[in-house]
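In what follows, a structure is listed as C-alpha cells, so that the remarks can point back to it.
The values are calculated or read from the model by the stated rules, or taken from the named source; none is laboratory data. Model, not experiment: these values are computed from the prediction. No Cβ is skipped: glycine too gets one built from the backbone with ideal geometry, and neighbour counts run over all protein chains shown. To get the accessible areas, we keep the full protein, side chains included, count just its heavy atoms, and leave off ligands, DNA and RNA. Shrake-Rupley method; radii C 1.70, N 1.55, O 1.52, S 1.80 Å.
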Amino acid sequence: MNQAQMKQAVGQAAVELIRPQLDSDSIVGVGTGSTANCFIDALAQIKTEFDGAVASSEATAARLKSHGIPVYDLNTVSNLDVYVDGADESDHHLHLIKGGGAALTREKIVAAVAKTFVCIADQSKLVDVLGAFPLPVEVIPMARSHVARELVKLGGDPVYREGCVTDNGNIILDVHNLSIVDPAQLERDINAIVGVVTNGLFAARPADVLLLGTPDGVKTLK
Ligand code: 5RP
C-alpha cells in the first residue's frame, strides 16, 4: 500500500468506526486536509444515514457540499458525537501537531466540542517525540513580530508562512527546531503569548483514537 492508499484506507475505516453510532439526527465533525478528504469521500457513500456535518475549514465545507452533505454552523449544533481529522504528527499518547493546512483554530474548536476525536493518518505521522514537523501558530497579523520574538525565547525558530491567510483572516508562523517533550505545557505557553490565536498542539485535547494506515492494514491506537 502506498501513502495515498493508506489515507484512503483510514478514511474508510473511520466511516466504518462511526457508522454504528450515526442516526438521522447525527452531525459529524469533519477535519481538513488530504486524509480528511478521503474520509469525506467515504462518508458521502453513507450520507443518507446522518443529518449533516460541521466543517473545520471553508475547503472542507465546499467538499462536503459538493457531495450533497448539509453543512451546519457549529453555533447551531448542540451535540457533536464525533470529530474525524488528520494530523501532521502524533505521538504514542495521541498528542498531535496539526495545522499544516492552516485550519488549526477551527479544527481545535470542533475537536473541543466533539465527544470523541478520531484521528486518521498514515504511518509516517507517528513519532516518538513531536516537533520534527514545524509547529503552526495562528497569529493576529499586527502581532507577527512580537509573537515571533516570544517564540524564539521558547527555543523555536519561527518562519512566516508566505502567502497564507487563514479562514479567520490571520497569518501562520511555523516554528522549527522544537523538541516537544511536554506538549501540554508548550501548548499553554504558546497560547499565553499575546497575539496568538492558537497553536497546532493538540495535547490538552488529544485524539481519543488514532486509525493508522500501514502497509499491513489499518491499526487502531487508543
Ligand atoms: C490541516 C491539518 C491536517 O489535518 C494536517 O495538515 C494533515 O494533512 P494531510 O492529511 O493532508 O497530511 O491539520 O490544518
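Axis of helix 144-153 versus longest Cα principal axis of the chain: the two differ by about 80°, to the nearest ten degrees.
When the listed pairs Lys65/Lys219; Lys125/Lys219; Lys125/Lys222; Lys65/Lys125 are checked against a 22 Å cut-off, the alpha-carbon distance exceeds it for Lys65/Lys219; Lys65/Lys125. Given R0 = 41 Å, the distance between the Cβ atoms of Thr214 and Leu154 translates into a calculated FRET efficiency of 0.75.
The Cα atoms of the chain cover 50, 39, 28 Å along the three principal axes, with the biggest extent listed first. Rounded if a/c is under 1.5, else prolate if a/b is larger than b/c, else oblate: which is segment 1-42, with a ≥ b ≥ c the root eigenvalues of its Cα gyration tensor? Oblate shape, in that a/c is at least 1.5 and b/c is the bigger or equal ratio. Ignoring ligands, DNA and RNA, what percent of the accessible area of the chain is carbon or sulfur (1.4 Å)? That share works out to 50 percent. Working from Cα pairs under 8 Å separated by at least six residues, relative contact order for the chain is 23 percent. Give the Debye-formula value of log10 I(q)/I(0) at each listed q (0.17, 0.24, 0.30, 0.33 Å⁻¹), with one equal scatterer per alpha carbon of segment 27-71, two decimals each. Each listed q corresponds, in turn, to -0.35, -0.72, -1.18, -1.43. With the helix formula -39500 (n - 2.57) applied to DSSP H stretches of n ≥ 4, the chain reaches a computed 222 nm mean residue ellipticity of -8500 deg cm²/dmol. Using the Cβ-Cβ distance between His67 and Gln5 with R0 set to 22 Å, the FRET efficiency works out to roughly 0.60.
Packing, as the average of other Cβ atoms within 10 Å across residues, places the peptides 4-13, 66-75, 209-218 in the order 4-13, 209-218, 66-75, highest first. Near Gly86: Cβ cut-off under 13 Å, other residues only, Lys/Arg at +1 and Asp/Glu at -1. The net charge is -2. In this structure segment 135-199 gives 50 Å² per residue of accessible area when probed at 1.4 Å with all protein chains present.
Using 0.36 nm per residue and subtracting the Cα-Cα separation, the extra length available between Leu74 and Ser179 on full extension is 34.4 nm. Expressed in Å, the radius of gyration and Dmax of the Cα atoms of segment 135-199 are 10.8, 31.
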